[in-house]
Amino acid sequence: MKKLFALVLALAMVLTLVPAMAEGNVLRYGAETEPAGFDPHTISSHASIRVMNQVYNQLVDVNENLEVVPELATSWEISDDNLTYTFHLADNVYFHSGRKMTAEDVKYSYERILNPDLGALGNSASYAGGVDTIEVVDEATVKMTLKAVNVAFLSSQSSSYCSIVDKDVVEANEGSLLRADAGTGPYTLGEWVADNHVTVNAYDKYFNEAGKASFDAIEFYVMTDASSRLNALRTGAVDLIVADTAMLDLVGENDPIQVISYQTRDYVGLFMNCGREPFSNPLVRQAVNYALNREEINDFAYNGTAAISGFIPASMGHWAVDVNEKDYYTQNIEKAKALMAEAGYPNGFETVITVGLEDGIRDMGMVAQQQLAEIGIKAEVKNEENAQYIDDWKAHNFDIMICHNGAGSDPNRGVAFFFSSTGSANIQDYSNARVDELCVLGASTTDDAQREAYYKEAINIILDECATAIVSCPMAYFLASPALQGYAPSASNTSDFSGVTLNK
């Protein structure tokens, strides 16, 4: 009720500059955060990926059923020993520079990802980090051989972290793609006005007829205030907005605004820095887990619509572990205080909770701050701008950071990428030798039942050592003009606008 009142009040009082009415076949998108740049190999910001998904392609894609389907590669073969992947490329792919893409570009892109100096997110065993050699067979064929069997390798190449880029553009920009366009996607990168908007424009040489641009342009407007986004949608200044759960209460039963939603494979929670005292002590981390009332956090941050979850959400199907069976998922203040005393902190300690990027993260920080105070943890909530938040994420520069992560399409990402000692997104510096071993075993066996056993053992270890304090798996919501037709986002793809129309 408090959030609803605040939103209504904001609608009544806030005067906001909004985009002028669109001319031509242009989709105007009200986004919740500012992008952090557009290098697909180094940027993990949701706001950036939303734009990059229009600009870049990967060798393969993954559909709603988690099946690998062709993209830049029309077909592929896997050797009998499951180590060598031979990709056959589409022969009509052109970079936005106008140059035809060849196998040499694929080789260059993967060598860029694997260059340790770049700090690419894809340089991890969960993505391309396990590639040993890359061979150009001919102009349309590239062969990759892995160091070790990784049955999740093919599906993981669908990540934006494994995008194929134009060598000439990279070199012309001295190695940086933060503001450059080296893609092959259905749209080219256009104007970027900081804190205002990013435009992508239709590319007439796009290779895939079915995925061609439906609009002359898409304009992504930065509207961090939820009420401003909703007001812009109602006035027709934008056609589609990212929504939060509080906004749903403002859409009546007979309201022409469309509510579009899907269950994510994401999770949100508190990441404690295991490399720093006092969170290097597992007893402290356990105490934090016992201190949290996840239902209360969920009610405030997501109006109760998110599912209480671990880092492999129930939406991942049989890979998930039922966290409701875990004792520390039920708030127990006395147990938490006893653990704090056992850890040597009977009177608590001071710490900082870093938040940013989106409202759900910020709201979660506010409630967590209050709940941790009940066991003597005095937490300052530090709300950072996007760029600083991402920099601190990359540098592991935090005590507690509330993060919104994606579990991906395979537990290799959900477990190894975030929790193995060498995982590129192991920002909390968690380490367990058995988990590392299980990640290797899970990636190298082709038997699904055995893979599930390996990963579930790893998941249970990570949960029981309280490497994090995951709270929930949120729904994702969009609000759209009734004129927008055909937009059907899913956990596998929220950025596909092919076939979408604006019937104004």
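The values are calculated or read from the model by the stated rules, or taken from the named source; none is laboratory data. Note that the structure is a prediction, hence the values are computed from the model and not measured. FYI the Cβ positions are ideal-geometry reconstructions off the backbone, even for glycines, and counts take in every protein chain you see.
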Practice problem: Within the range 416-432, identify whether any single residue is surrounded by 16 or more Cβ atoms within 10 Å (Cβ to Cβ), aliphatic (A, V, I, L, M) and over 15 Å from Thr468 (Cα atoms), and answer yes or no. | Solution: no
Exercise. Tell me which of these Gly211 doesn't satisfy, since it passes every other one: (1) over 21 Å from Lys504 (Cβ atoms); (2) at pLDDT below 95; (3) in contact with a Gly (Cβ under 8 Å, 6 or more places away or on another chain).
Key: (3)
Quiz item: Would you pick out the residues in the range 214-237 that are surrounded by 22 or more Cβ atoms within 10 Å (Cβ to Cβ), part of a loop (DSSP other than H, G, I, E, B) and under 24 Å from the mean Cα position of the chain (by Cα)?
Solution: Met223
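So that you can scan it fast, the table gives a plain yes or no per residue for (1) more than 24 Å from Leu479 (Cβ to Cβ); (2) surrounded by fewer than 17 Cβ atoms within 10 Å (Cβ to Cβ); (3) of a type in the set (D, E, K, R):
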position: Asp255; (1), (2), (3): no, yes, yes
position: Gln286; (1), (2), (3): yes, no, no
position: Ala306; (1), (2), (3): no, no, no
position: Asn324; (1), (2), (3): yes, yes, no
position: Thr351; (1), (2), (3): yes, no, no
Quiz item: Regarding Val137, is this residue surrounded by fewer than 23 Cβ atoms within 10 Å (Cβ to Cβ), more than 27 Å from the chain's Cα centre (by Cα) and of a type outside the set (D, E, K, R)?
Solution: yes
Quiz item: Which one of these does Thr133 not meet: (1) of a type in the set (Ser, Thr, Tyr); (2) farther than 30 Å from Asp447 by Cβ; (3) part of a strand (DSSP E or B)?
Solution: (2)
Practice problem: Can you confirm whether the range 437-459 contains a residue that is surrounded by fewer than 17 Cβ atoms within 10 Å (Cβ to Cβ) and in a strand (DSSP E or B)? | Solution: no
Quiz item: If you go through the range 146-162 one residue at a time, how many are among the hydroxyl-bearing types (Ser, Thr, Tyr) and part of a loop (DSSP other than H, G, I, E, B)?
Solution: 2
Exercise. Run down Tyr127, Tyr94 and say which single residue is hydroxyl-bearing (Ser, Thr, Tyr) and at pLDDT 95 or above.
Key: Tyr94
Quiz item: Among the candidates Ala469, Ala476, Ala407, which residue alone is surrounded by 16 or more Cβ atoms within 10 Å (Cβ to Cβ) and closer than 22 Å to Val288 by Cα?
Solution: Ala469
Quiz item: Based on what the data block shows, is Gly98 over 22 Å from the mean Cα position of the chain (by Cα), on the phi > 0 side of the Ramachandran plot, outside the structural domain of Lys205 (by TED's automatic domain parsing) and without any contact (Cβ under 8 Å) to a residue 60 or more places away in the chain?
Solution: no
Practice problem: Kindly indicate whether any position in the range 468-481 is outside the structural domain of Arg434 (by TED's automatic domain parsing), part of a loop (DSSP other than H, G, I, E, B) and either out of contact with any helix residue (DSSP H, G or I) (no Cβ under 7 Å at 6 or more places or on another chain) or at pLDDT 95 or above (or both). | Solution: yes
Quiz item: Which condition breaks for Ser261 when tested against (1) within 22 Å of the chain's Cα centre (by Cα); (2) buried (at least 17 other Cβ atoms within 10 Å of the Cβ)?
Solution: (2)
Exercise. Tell me which residues, restricted to the range 113-135, are over 20 Å from Asp81 (Cα atoms) and in contact with a helix residue (DSSP H, G or I) (Cβ under 7 Å, 6 or more places away or on another chain).
Key: Ile113, Leu118, Ala120, Leu121, Gly122, Asn123, Ser124
Practice problem: Kindly provide the set of residues from the range 288-318 that are out of contact with any Gly (no Cβ under 9 Å at 6 or more places or on another chain), assigned to a helix (DSSP H, G or I) and small (Gly, Ala, Ser), ordered by number. | Solution: Ala291, Ala314, Ser315, Gly317
Quiz item: Within the range 328-355, can you find the residues that are of a type in the set (D, E, K, R) and in contact (Cβ under 8 Å) with a residue 12 or more places away in the chain?
Solution: Lys335, Lys337, Glu342, Glu350
Exercise. Give the residue that is surrounded by the most Cβ atoms within 10 Å (Cβ to Cβ), with candidates limited to residues of the range 71-116 that are touching a Gly at 6+ places or on another chain (Cβ under 8 Å) and in a helix (DSSP H, G or I).
Key: Ile113
Quiz item: Taking the range 346-392 only, how many residues are of a type in the set (Gly, Ala, Ser) and in a loop (DSSP other than H, G, I, E, B)?
Solution: 2
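On the given criteria, is Val321 touching a helix residue (DSSP H, G or I) at 6+ places or on another chain (Cβ under 9 Å) and not in a loop (DSSP other than H, G, I, E, B)?
Values: touching a helix residue (DSSP H, G or I) at 6+ places or on another chain (Cβ under 9 Å): yes; not in a loop (DSSP other than H, G, I, E, B): no.
Against the criterion (touching a helix residue (DSSP H, G or I) at 6+ places or on another chain (Cβ under 9 Å) and not in a loop (DSSP other than H, G, I, E, B)), Val321 does not qualify.
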Self-check item: Cβ pairs under 8 Å, 6+ apart, first in the range 444-458 and closer than 12 Å to Val321 by Cβ, second not in a helix (DSSP H, G or I)
Solution: Tyr455/Ile312; Lys456/Val321
